[in-house]
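Here is the structure we will look at, set down as structure tokens.
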Amino acid sequence: MTTAAIEFKNVHKSFSRKDGTVQRVLDGVDFAIPTGKTTVIAGGSGQGKSVTLKIILRLMSVDSGEVFVHGREIGGLRGRSLEMLRTQFGVLFQGSALFDSLTVFENVALPLRERTKKSEDEIYEQVNNSLAQFELEGHEAKYPAQLSGGMKKRVGLARAMQLHPSIMLFDEPTTGLDPVMTREIYHLFADTQAEFGFTSVIVSHDIPKVFNLADQVIILNRGVMDVFDSPEEIQWSEKPHVQEFVEMTMGKIYQSQLEEK
């Protein structure tokens, strides 16, 4: 049995609205994300997908319930322990979150300078190796404004991989990219995971294309999470909100192995 990299047990999270009502984003959810696999979290806008990522990173606390990372409950972590937890994660944000005033090289080197005691020679060697791996050679001195959307994603992924994370979190990673570039970035994700073996969690609205990467799919709707072992399995759910999701996003009968690679 594959051990869980991340596990939620009876997790509740709510927010108070300006009108005095309460929005239940997570309403007693239970799920496990298997180690070394890719889990896609899907659902409509405002359903709590990004909130889930923030809870995993302990950027946001739960109201009740337990969250485990590699078997360790993270709710009580503070200070150095919390900092060490976060070094296990790499994060690729929707906009890549590159620093405009830093070059490609400096952006990729940033985690090494902030989180390690490596020498400049060691940093130079590691960053240049990464730039070659992610096909960014010749772009070291460029600034983010000089890069295409796809190139920015590559730089963001290269930076996220510098501390060799065991878990990668992707928050809407293909927003703003055209279909060709989206497919290229998905191939990059798959190749990088195959090489490094990290656990991958992808929050995306790019349905059904992103399902081609998925070993597991979680659909979030009105605080409830439904977990499926494959994209195909979603179509046979008898739950009305899942059927509505399928109709809106997947259309005709979906088979991931037949999706364009």
Per-region count, the stretch 213-242, residues over 15 Å from the mean Cα position of the chain (by Cα), within 24 Å of residue 35 (Cβ to Cβ) and part of a helix (DSSP H, G or I): 4
Residues (without any contact (Cβ under 8 Å) to a residue 60 or more places away in the chain and surrounded by fewer than 22 Cβ atoms within 10 Å (Cβ to Cβ)) located in the stretch 12-27: 12, 14, 15, 16, 17, 18, 19, 20, 21, 22, 23
The stretch 103-126, residues that are surrounded by fewer than 16 Cβ atoms within 10 Å (Cβ to Cβ) and either within 20 Å of the chain's Cα centre (by Cα) or of a type outside the set (D, E, K, R) (or both): 116, 119, 124
The stretch 119-135, residues that are in a loop (DSSP other than H, G, I, E, B) and modelled with pLDDT under 95: 134, 135
Condition check for residue 52: among the polar types (S, T, N, Q), in contact with an Asp or Glu (Cβ under 6 Å, 6 or more places away or on another chain) and touching a residue at least 24 places away in the same chain (Cβ under 8 Å): no
Residues that are surrounded by fewer than 17 Cβ atoms within 10 Å (Cβ to Cβ) and touching a helix residue (DSSP H, G or I) at 6+ places or on another chain (Cβ under 9 Å), drawn from the stretch 127-145: 128, 133, 135, 137, 138, 140, 141, 142, 143
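Conditions (1) out of contact with any Pro (no Cβ under 6 Å at 6 or more places or on another chain); (2) of a type in the set (S, T, N, Q); (3) under 22 Å from residue 227 (Cβ atoms), marked per residue:
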site: 24; (1), (2), (3): yes, no, yes
site: 48; (1), (2), (3): yes, no, yes
site: 52; (1), (2), (3): yes, yes, yes
site: 59; (1), (2), (3): yes, no, no
site: 72; (1), (2), (3): yes, no, yes
site: 85; (1), (2), (3): yes, no, no
site: 97; (1), (2), (3): yes, no, no
site: 111; (1), (2), (3): yes, no, no
Residues of the stretch 87-118 classified as part of a helix (DSSP H, G or I) and on the phi > 0 side of the Ramachandran plot, total: 0
Some residue of the stretch 69-84 being crowded, with 17+ Cβ neighbours inside 10 Å, touching a helix residue (DSSP H, G or I) at 6+ places or on another chain (Cβ under 8 Å) and touching a residue at least 40 places away in the same chain (Cβ under 8 Å): yes
Residues being crowded, with 19+ Cβ neighbours inside 10 Å, under 23 Å from residue 52 (Cα atoms) and modelled with pLDDT of 90 or more - total across the stretch 154-184: 11
Selection within the stretch 136-148 - closer than 13 Å to residue 106 by Cβ and not in a loop (DSSP other than H, G, I, E, B): 144
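The values are calculated or read from the model by the stated rules, or taken from the named source; none is laboratory data. Just so we're clear, the structure is a prediction, and the values are computed from it rather than from any experiment. FYI the Cβ positions are ideal-geometry reconstructions off the backbone, even for glycines, and counts take in every protein chain you see.
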